[in-house]
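Below is one structure, written out as structure tokens; comments come after it.
Please treat every number below as a calculation from the coordinates, not as lab data. Everything numeric here is computed off the predicted structure, so don't read it as measured data. All Cβ positions, even for glycine, are placed from backbone atoms using ideal geometry, and neighbour counts span all protein chains on display.
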Amino acid sequence: MSAEDEAKRDPEAARDERPILVIGGTGLVGKPIVRAMAQAGHRVRVMSRKARSAAGTFGPEVELVAGDAGSSSDVERALTGCRAALICVSDLLDPYLDLRVTQAVLGRAPSLGVARVGLISGASVDEARRHFPMIDAKFRAEEALRASGVPWVILRLTWPMESIARFLRDDKATVLGDQPATLHPIAGADVGRMVTRAFELDEALGHTFTIHGPEPYTLEGFLRAYAARVRPGAKVSHAPLWMLGLIARLTRNRELRAAVELMRYFDGLPEFGDPSEANAILGAPELTLDAWIERTSPAANAAA
């Protein structure tokens with residue numbers, strides 16, 4: 001960290017040795033954030049339903065606590081003794097989970113001496129899109145945080161690069177729907193670094209940051225570029241959402257139905273927000289698709 005950044009750090013946070021709680025730290029977005037915080041020298045406590053199976057995922061500086069993010073008593077137990085908290089949860093089958101977690105954290109943060117609360121939100125969150133339950137939940141969670149009186153920071157993320165492997169199976173890469181909108185996928189390592197700085201810099205407090213990656217792609221373009229590098233020869237095609245929705249109904253597959261509803265929501269919707277403030281304060285993302293694949297290729301191939 002530069003001397004300028006050191007000067008901007010919250011002096012109380014710099015002296016406080018209590019851990020930062022990351023709720024949902026074993027998820028796709030949460031893992032690189034936890035690793036970045038730990039690598040920066042912070043004590044980190046992770047609360048997750050998968051705490052037992054995640055043993056060995058992080059180093060000894062990361063404390064794993066078993067708990068259900070939907071349980072206010074579990075949240076309070078995990079939050080006790082922490083100096084800050086990051087809410088990083090999402091569940092397609094329970095779209096209001098992050099709102100309930102935010103409310104539970106804010107209900108106890110002042111009495112427990114929690115000095116900063118962060119929320120991972122989405123780059124498409126906007127009042128005009130509240131018809132979709134997941135967006136409504138994130139919008140309401142953001143509003144609750146801003147009105148709480150607790151020092152806060154909100155980070156609206158675009159598509160994580162790590163999620164792209166889910167669209168590639170064997171030698172077939174499938175785009176769900178048309179998805180013509182331009183996106184700026186971001187690598188988990190960049191997310192982790194930027195979120196860590198948001199918890200270190202006093203200047204970040206009270207900001208809603210939009211975080212985009214460095215390169216523009218459509219989802220199909222990104223998937224083609226990814227497949228060409230990790231699975232040459234893979235065929236890229238589109239699966240109609242109406243057909244997937246019919247399959248989900250006939251098979252009573254709740255997970256597939258929720259995924260179809262999510263992709264139908266995103267179909268054609270551009271990202272919102274301007275990332276320039278996040279880039280200026282937290283440091284701009286650096287990893288292009290090629291750089292990310294070079295860094296994570298074994299993990300990316302395993303995930304695929």
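Per residue, the Cα convex hull of the stretch 35-185 amounts to 149 Å³. List, in the order given, every pair from K138/K172; K50/K138; K31/K138 whose Cα-Cα distance in the structure shown is over 31 Å. Those over the limit are K138/K172.
Consider all pairwise Cα distances in the stretch 194-304 and report the whole-number % of them above 26 Å.
Within the stretch 194-304, distances greater than 26 Å cover 43 percent of Cα pairs.
Put simply, the amide H of H207, placed in the peptide plane, has neighbours under 5 Å in I154, leaving out anything fewer than 5 places away on its chain. Working note: Karplus 6.51/-1.76/1.60 with θ = phi - 60° gives the stretch 47-60 the couplings 9, 7, 5, 9, 4, 5, 6, 8, 4, x, 5, 10, x, x Hz, where Gly and Pro are set to x. Could you work out how far helix 97-112 tilts from the main Cα principal axis of the chain, as a 0 to 90 degree angle to the nearest 10? Roughly 10 degrees, rounded to the nearest 10. Compute the distance from the alpha-carbon center of the stretch 24-51 to that of the stretch 87-135, in whole Å. Rounded to whole Å, the Cα centres lie 17 Å apart.
Overall size of the stretch 35-124 from C-alpha positions, given as principal axis extents largest first: 32, 31, 28 Å.
If you wrap the tightest convex hull around every Cα atom of the chain and split its volume per residue, you get 131 Å³. Under the combined filter of DSSP loop state and at most 10 neighbouring Cβ atoms within 10 Å, the stretch 192-252 retains these trypsin sites (Lys or Arg not before Pro): R252. Per the Kirkwood formula on distinct C-alpha pairs, the Rh of the stretch 159-252 is how many angstrom? Averaging 1/r across every pair of different Cα atoms and inverting gives 15.4 Å. Helix content alone sets the calculated 222 nm mean residue ellipticity of the chain: runs of n ≥ 4 DSSP H residues at -39500 (n - 2.57) each, divided across all residues, give -12500 deg cm²/dmol.
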